[in-house]
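**Student:** Please read through the structure below; I'll follow up with questions.
No value in this document is a laboratory result; all are computed from the given coordinates. On a predicted model such as this, the values are computed, not experimentally measured, just so you know. Positions of Cβ are generated from backbone atoms using ideal geometry, with glycine treated the same way; all protein chains shown enter the neighbour counts.
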Amino acid sequence: MKVEIISPESIVYSGEADLISLPGAKGAFEILQSHAAIISSLTKGKIKVKNKEQEQFFDISGGMVECSNNKVNILVN
């Protein structure tokens with residue numbers, strides 16, 4: 001699935017992922033391929049982006065995520 005992590009200053013990450021782990025406002029959750037459409041607020045924590053080659057972690061202080069049709073947009077502070 002296509003993932004973009006965007007901060008007010010720049011695009012932090014843009015690429016493909018097999019799994020995304022997020023610190024949701026009501027608890028951590030993961031998004032996989034063909035996940036149902038979702039919009040959620042995020043709290044302080046780490047985002048994990050995993051694909052076949054590697055795992056990457058991004059510290060955030062909050063934000064929002066939108067997932068639809070295997071495209072995930074994450075807006076972070």
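**Student:** Could you go through the range 60-77 in sequence order and give the Karplus-derived ³J(HN,Hα) for each residue, using 6.51 cos²θ - 1.76 cosθ + 1.60 with θ = phi - 60°, rounded to whole Hz, and x for Gly and Pro?
**Tutor:** With the stated coefficients, the range 60-77 comes to 10, 9, x, x, 9, 10, 10, 10, 7, 6, 6, 10, 10, 10, 10, 9, 10, 8 Hz.
**Student:** Using alpha-carbon pairs under 8 Å, 6+ residues apart, how would you state the relative contact order of the range 2-76 in percent?
**Tutor:** Values: 173 pairs, mean separation 24.4, N = 75.
RCO, the range 2-76: 33 percent.
**Student:** Same structure again: With a/c under 1.5 counting as rounded, go ahead and sort the chain into rounded, prolate or oblate using the C-alpha gyration tensor (a ≥ b ≥ c being the square roots of the eigenvalues; past the cut-off, prolate if a/b is larger than b/c, else oblate).
**Tutor:** Details: a/c = 1.36, a/b = 1.14, b/c = 1.19.
It is rounded, given that a/c, with a ≥ b ≥ c, falls under 1.5.
**Student:** Let me ask you something else. Once you charge only the Cβ atoms, +1 for Lys and Arg and -1 for Asp and Glu, what is the size of the charge dipole of the chain about its Cα centre, to the nearest 20 debye?
**Tutor:** Roughly 200 debye for the chain.
**Student:** What distance in nm separates the simple spin-label points at residue 51 and residue 33, each placed 7 Å from Cα in the Cβ direction?
**Tutor:** For the pair residue 51/residue 33, the computed spacing is 1.4 nm.
**Student:** Related question: Could you check the spin-label model distance between residue 19 and residue 68? Points 7 Å from the Cα along Cα→Cβ, value in nm.
**Tutor:** With each label placed 7 Å out from Cα toward Cβ, I get 2.7 nm.
**Student:** Take the residue pairs 44/71; 26/48; 26/50; 26/46; 2/52; 48/71 and return only those whose Cα atoms are more than 20 Å apart.
**Tutor:** Working: 44/71 22 Å; 26/48 17 Å; 26/50 22 Å; 26/46 15 Å; 2/52 14 Å; 48/71 16 Å.
Beyond 20 Å between Cα atoms: 44/71; 26/50.
**Student:** Quick check: pseudo-label points 7 Å beyond the Cα along Cα→Cβ at residue 26 and residue 9, how many nm apart are they?
**Tutor:** According to this spin-label approximation, the distance is 3.3 nm.
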